[in-house]
1. Here are some conditions: (1) modelled with pLDDT of 95 or more; (2) part of a loop (DSSP other than H, G, I, E, B); (3) under 27 Å from residue 176 (Cβ atoms). Residue 301 meets all but one. Which one does it not meet?
2. Can you name every one of the helices (runs of 4 or more DSSP H) wholly within the stretch 112-206 that holds 2 or more residues which are at pLDDT 95 or above and touching a helix residue (DSSP H, G or I) at 6+ places or on another chain (Cβ under 6 Å)?
3. If you check residue 75 against the conditions, is it without any contact (Cβ under 8 Å) to a residue 60 or more places away in the chain, surrounded by 22 or more Cβ atoms within 10 Å (Cβ to Cβ) and in contact with a helix residue (DSSP H, G or I) (Cβ under 7 Å, 6 or more places away or on another chain)?
4. Is it the case, given these coordinates, that residue 90 is part of a helix (DSSP H, G or I) and either outside the structural domain of residue 260 (by TED's automatic domain parsing) or under 11 Å from the mean Cα position of the chain (by Cα) (or both)?
5. When residues of the stretch 214-237 are filtered for being free of Cβ contacts under 8 Å to residues at least 60 places away in the same chain and surrounded by 20 or more Cβ atoms within 10 Å (Cβ to Cβ), how many remain?
6. Of all residues in the stretch 265-279, how many are without any contact (Cβ under 8 Å) to a residue 24 or more places away in the chain and either surrounded by fewer than 16 Cβ atoms within 10 Å (Cβ to Cβ) or under 11 Å from residue 294 (Cα atoms) (or both)?
7. Taking into account only those residues within the stretch 238-262 that are within 30 Å of residue 174 (Cβ to Cβ) and crowded, with 19+ Cβ neighbours inside 10 Å, which is modelled with the lowest pLDDT?
């Protein structure tokens with residue numbers, strides 16, 4: 001189920017796990033394999049993760065990896081999701097090969113494990129997996145990184161349908177859509193990079209998932225909050241990213257921690273002390289310090 005110690009190091013490198021975290025994961029492997037209960041939990045999680053691999057799973061269904069991680073022994077909890085990903089890796093790679101997915105797309109997609117661990121260390125100062133549930137999308141074949149952006153195979157759900165209808169989208173619930181995500185640590189969100197990603201996505205999904213006719217891409221992100229245009233120049237990458245979409249904002253609770261998390265690395269940082277080094281940092285912090293709120297924007301564009 002798990003590679004031996006020497007092979008594990010190579011697998012972790014392939015998954016872009018930071019070098020400083022690899023020794024700790026290798027050392028903890030001995031603790032894991034010596035614990036029959038933890039190994040049984042690992043087997044259960046892996047089997048559940050890859051069951052019906054490739055099927056689009058509704059939110060709340062399928063493996064709830066974050067919840068299962070909480071069942072692991074305390075000494076293994078920070079790393080347990082990484083071991084699940086490693087155990088699932090042969091199944092994911094086989095699924096990718098069966099669809100003819102290029103090896104470089106597979107590698108860059110699954111390297112999100114390493115990115116996730118970098119985010120954890122930045123926030124908590126030690127090794128760990130920040131968002132276990134997020135990674136299930138990659139290892140189930142529901143999400144792919146294509147250039148600068150990530151694209152998730154999705155069916156339009158009722159809540160998204162109602163808000164996107166206000167932005168002119170006439171798709172019914174269940175309509176296949178590509179959900180766009182913006183990964184960290186990949187440089188600027190330039191128009192050229194986004195153009196390339198969208199072009200790659202059109203070609204990729206038509207070739208590898210021809211049974212799913214994607215006619216629209218959607219995005220649900222604080223980056224689509226129209227208020228950002230008050231603070232950023234018209235030629236900024238974020239404003240130009242927004243302008244790809246037909247946007248509607250759903251009412252409801254503010255999402256103030258979203259920009260604080262993604263811009264500054266920790267959603268719990270005190271607003272008063274947020275840095276002002278860049279135009280985006282000034283926009284996020286100054287707006288909050290003035291008593292404003294940030295909201296999730298919801299947008300779409302035709303493919």
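The values are calculated or read from the model by the stated rules, or taken from the named source; none is laboratory data. This is a predicted model, so every value here is computed, not measured. All Cβ positions, glycine included, derive from the backbone under ideal geometry; neighbour counts span all protein chains shown.
1. All conditions pass for residue 301, except number (2).
2. Fully inside the stretch 112-206 and qualifying: 112-124, 132-139.
3. Taking the combined requirement at face value, the residue does not satisfy it.
4. So residue 90 passes the test.
5. Our first condition is that a residue be free of Cβ contacts under 8 Å to residues at least 60 places away in the same chain; within the stretch 214-237, this holds for 228-237.
Remaining after also requiring surrounded by 20 or more Cβ atoms within 10 Å (Cβ to Cβ): 228.
Qualifying residue count for the region: 1.
6. Keep residues of the stretch 265-279 that are without any contact (Cβ under 8 Å) to a residue 24 or more places away in the chain, which gives 267-278.
Subsequent filtering for residues that are either surrounded by fewer than 16 Cβ atoms within 10 Å (Cβ to Cβ) or under 11 Å from residue 294 (Cα atoms) (or both) retains 267-268, 270-273, 275-278.
Residues flagged as without any contact (Cβ under 8 Å) to a residue 24 or more places away in the chain and either surrounded by fewer than 16 Cβ atoms within 10 Å (Cβ to Cβ) or under 11 Å from residue 294 (Cα atoms) (or both) within the stretch 265-279 amount to 10.
7. Here the residue is 248.
Residue-wise test of (1) within 30 Å of residue 156 (Cβ to Cβ); (2) modelled with pLDDT under 95; (3) assigned to a helix (DSSP H, G or I).
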{"residue": "26", "(1), (2), (3)": "no, no, yes"}
{"residue": "44", "(1), (2), (3)": "no, no, yes"}
{"residue": "49", "(1), (2), (3)": "yes, no, yes"}
{"residue": "54", "(1), (2), (3)": "yes, no, no"}
{"residue": "58", "(1), (2), (3)": "yes, yes, no"}
{"residue": "63", "(1), (2), (3)": "yes, yes, no"}
